[in-house]
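Have a look at the structure below, then the notes.
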Amino acid sequence: SLLESELFGHVKGAFTGAIRDNVGRFHRADGGTIFLDEIGDLDFNLQVKLLRVLQDKTYQLLGESLTRRIDLRVICATNRNLKAMVREGTFREDLLYRINLITIELPPLHERKEDIPLMVQYFLKNIRTAYNAGEIVVDNNTLKWLQNLTYPGNIRELKNLVERTALVTSHDLLDVDDFRAQYQVIPKSCETTSLPPVG
């Protein structure tokens, strides 16, 4: 109910803790664009409600029977295979067809290593602003080293590595040794088949 309230809004008294009316994200995005991240994690009940918004351009606040109209563009993202989820019965096929008007496949970071230097510069710029840091820079040799990492955690992993290294290093020129000291290899989770039998 909290996610439903966040997306569609609620009226006072709709559920325990609803002490005042709340305007949902869809209402705020009316006439514009709403971005729904990790759409594959949406539960079945909310999938139905989202389908209604996309299909009829209508929604209801939680605790209210009045139907409201809306006009917006919806952009969704997921790291899951929605077609496989449809086959498994965990994602609605009609919703998939509704959100799958234009698809942009974004390859994992290890398949587009040429983007890494630009991302590193972008993250450093944000760090300078957020932490009022000095002119933190990375040389070309270090950028090449960063391009050779595998990044199973994709962009988030690269961002965390850059931020962690910039924050714990006392000098402004970050080199390979600085990044190597902060690089964390996260072990892959064990396959259940590799565990010994019960007992």
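The values are calculated or read from the model by the stated rules, or taken from the named source; none is laboratory data. On a predicted model such as this, the values are computed, not experimentally measured, just so you know. Note that we place each Cβ from the backbone using ideal geometry, even for glycine, and neighbour counts take in every protein chain shown. Surface accessibility is based on the protein's heavy atoms, side chains included, excluding ligands, DNA and RNA. Shrake-Rupley method; radii C 1.70, N 1.55, O 1.52, S 1.80 Å.
Taking segment 136-163 as the search range and keeping residues that are assigned to a helix (DSSP H, G or I) and over 22 Å from the mean Cα position of the chain (by Cα), which one is surrounded by the fewest Cβ atoms within 10 Å (Cβ to Cβ)? Looking at the filtered set, the residue picked out is Asn140. Right, Arg98: in contact with a Ser or Thr (Cβ under 8 Å, 6 or more places away or on another chain) and within 18 Å of Val48 (Cα to Cα) or not? The answer is no for Arg98. Taking the listed residues Ala181, Ala166, Ala133, the one that is surrounded by 17 or more Cβ atoms within 10 Å (Cβ to Cβ) and small (Gly, Ala, Ser) is Ala166, with no other qualifying. Consider only pairs whose beta carbons are under 8 Å apart and that are at least six residues apart or on different chains; among these, list those whose first residue lies in segment 65-81 and is open to solvent by 100 Å² or more (accessible area, probe 1.4 Å) and whose second residue is among the hydrophobic types (A, V, I, L, M, F, W, C). Note: pairs meeting the criteria are Arg73/Ile34. Applying the set (1) in contact with a Gly (Cβ under 9 Å, 6 or more places away or on another chain); (2) modelled with pLDDT of 95 or more; (3) open to solvent by 30 Å² or more (accessible area, probe 1.4 Å) to Phe91 leaves exactly one unmet item: (3).
Among the conditions (1) more than 22 Å from the chain's Cα centre (by Cα); (2) surrounded by 13 or more Cβ atoms within 10 Å (Cβ to Cβ); (3) closer than 19 Å to His110 by Cβ, the only one that Asp175 does not satisfy is (3). Among the residues making up segment 49-64, a single one is touching a residue at least 24 places away in the same chain (Cβ under 8 Å) and exposed (fewer than 13 other Cβ atoms within 10 Å of the Cβ): Gln55. For Leu118, the requirement of being open to solvent by 70 Å² or more (accessible area, probe 1.4 Å) and modelled with pLDDT under 95 is not met.
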